[in-house]
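Could you have a look at this structure, given as structure tokens, before my questions?
What follows is calculated from the coordinates using simple rules that are stated; it is not laboratory data. Values in this document were obtained by computation on a predicted structure and should not be read as measured data. In this analysis, Cβ positions are derived from the backbone assuming ideal geometry, glycine residues included, and neighbour counts consider all displayed protein chains.
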Amino acid sequence: MNNIDIVNVDNGNVTLGESCSIGRDVQIIFIGKGSVTIADYVTLGDNVKMIIEGGHVSIGDWSTLHNDTKVFSKAGVTIGEHCWFGQNTVIDGTGGITIENGVRVGMFSQLWTHVAAGEQIEGCTLFAETPTHIESDVWLVGTCTVGSGVRIGRRTVALAGSNIIKSCPPQSVLAGMPAKPKDGVSFYRDVSLEEKFVMLEGWLRAAPFADGAVIVTNHADGVVTVTLDGSSRIFFYRDADRFEKHVADDKSDTSCCIETKRYVKTFSSAERRVLKYLSGNKARFFAHDNISVQ
């Protein structure tokens, strides 16, 4: 399947979405019953390996697992949209792991859901399989370790080398071994909807594809239209009500909403190029519920 080596396929099934990029020597190994769903625009780097003992593994749109990332599933692994994992990351779903949208994990990090050491028959009590949950837009800078049973709040930033063994509230800044919150530090500021609209328009006009594109801004209606290759269009609406009205009337072109961060998927060339350009660390748009055009 598109360069993926599936071992013991009788034990499970694999579903691969549209416009995915699959590197060399990618393996999915079923040693028990399970399943894997890889959504659209997903990137799997060279030597990515998934070992499925059980449960379901799902990877959302636009997510990237870089070279040599390892995924283990027993209770299940859920990875949202626009997630990014640096090379040699370990994602352990023995006890079940949920990773929400927009999570970024630096290279050589480890996300655990179980602990096991000595023999239980000899009385060792260091044995547990506990779910781990990482909320949206968390950034683990690199070489971070997340212990089993931890819940990391939305927009938390863990500095390089953090060893996270306790749950933390949203927008924490963590550092150390074990990681502790750094009081009075935040990496987010409030941004108005109009500021977001202006920023987005500026990025589009400065994009690598801008010289060959037609970019039109209607400030009164709060919409920017980008046309590539003479016909492939993508619309960016500032306000949710105008976006919803447009979607109700016309689903032929990709349409995005700045207010809700949702978009209608059409797999057009403009969609692939423009949303990929924005998704690094500018703006990420997520598939609009129940609205998709093949």
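Step through the table entries 251/282; 182/265; 70/251; 49/265, compare each Cα-Cα distance with 32 Å, and write down the pairs that go over it.
In this structure, 182/265; 70/251 lie more than 32 Å apart at Cα.
Calculate the dipole size of region 39-106 relative to its Cα centre from +1 charges on Lys and Arg beta carbons and -1 charges on Asp and Glu beta carbons; express the result in debye to the nearest 20.
180 debye
By how many degrees, between 0 and 90 and to the nearest 10, does the Cα long axis of helix 193-205 differ from the longest principal axis of the chain?
80 degrees
In debye, nearest 20: dipole of the chain around its Cα centre with unit charges on the Cβ of K, R (+) and D, E (-)?
Details: 28 positive and 34 negative charges, 111 e Å.
My answer is approximately 540 debye.
With a/c under 1.5 counting as rounded, go ahead and sort region 4-181 into rounded, prolate or oblate using the C-alpha gyration tensor (a ≥ b ≥ c being the square roots of the eigenvalues; past the cut-off, prolate if a/b is larger than b/c, else oblate). List each step's numbers first, then the result.
Values: a/c = 1.93, a/b = 1.18, b/c = 1.63.
Here region 4-181 falls in the oblate category.
Report the net charge of residues surrounding residue 115, where surrounding means a beta-carbon distance below 13 angstrom and charges are Lys +1, Arg +1, Asp -1, Glu -1.
-2
Where a ≥ b ≥ c are the square roots of the eigenvalues of the C-alpha gyration tensor, would you call region 234-294 rounded, which needs a/c under 1.5, or, failing that, prolate if a/b is larger than b/c, or oblate?
It is oblate, given that a/c is not under 1.5 and a/b is not larger than b/c.
Something else now. In what sequence do 122, 195, 244 fall when counting other Cβ within 10 Å, fewest first?
122, 195, 244
Among 246, 209, 264, whose Cα projects farthest towards the positive end of the dipole of region 200-294, with charges put on the beta-carbon of Lys, Arg (+1) and Asp, Glu (-1)?
Working it through, the farthest residue towards the positive pole turns out to be 209.
Once both axes come from the Cα atoms, what is the angle between helix 269-279 and the longest principal axis of the chain, in degrees from 0 to 90, rounded to 10?
Roughly 60 degrees between the two axes.
Can you tally the net charge around residue 276? Count Lys and Arg as +1, Asp and Glu as -1, for every other residue whose Cβ sits under 14 Å from the Cβ of residue 276.
Overall, the nearby charge balance is 0.
Of 164, 228, 287, whose Cα points farthest to the positive end of the dipole of the chain (charges on the beta-carbon: +1 Lys, Arg; -1 Asp, Glu; origin at the Cα centre)?
164
Could you tell me which residue out of 73, 153, 114 lies farthest along the dipole of region 4-181 toward its positive end? Charges go on the beta carbon: Lys and Arg +1, Asp and Glu -1, centred on the Cα centre.
About the Cα centre, the residue reaching furthest to the positive side is 153.
Taking the Cα centre of region 193-292 as origin and charging only Cβ (+1 Lys, Arg; -1 Asp, Glu), how large is the dipole, in debye to the nearest 20?
For region 193-292, the charge dipole is close to 420 debye.
Quick one: order 56, 288 by neighbouring beta-carbon count within 10 Å, fewest to most.
If I rank by nearby Cβ atoms, fewest first, I get 56, 288.
In what order do 25, 249 fall by count of nearby beta-carbon atoms within 10 Å, going from fewest to most?
Least crowded to most crowded, the residues run 249, 25.
What angle, in degrees between 0 and 90 and rounded to the nearest 10, separates the Cα long axis of helix 240-249 from the longest principal axis of the Cα atoms of the chain?
Value to nearest ten degrees: 80.
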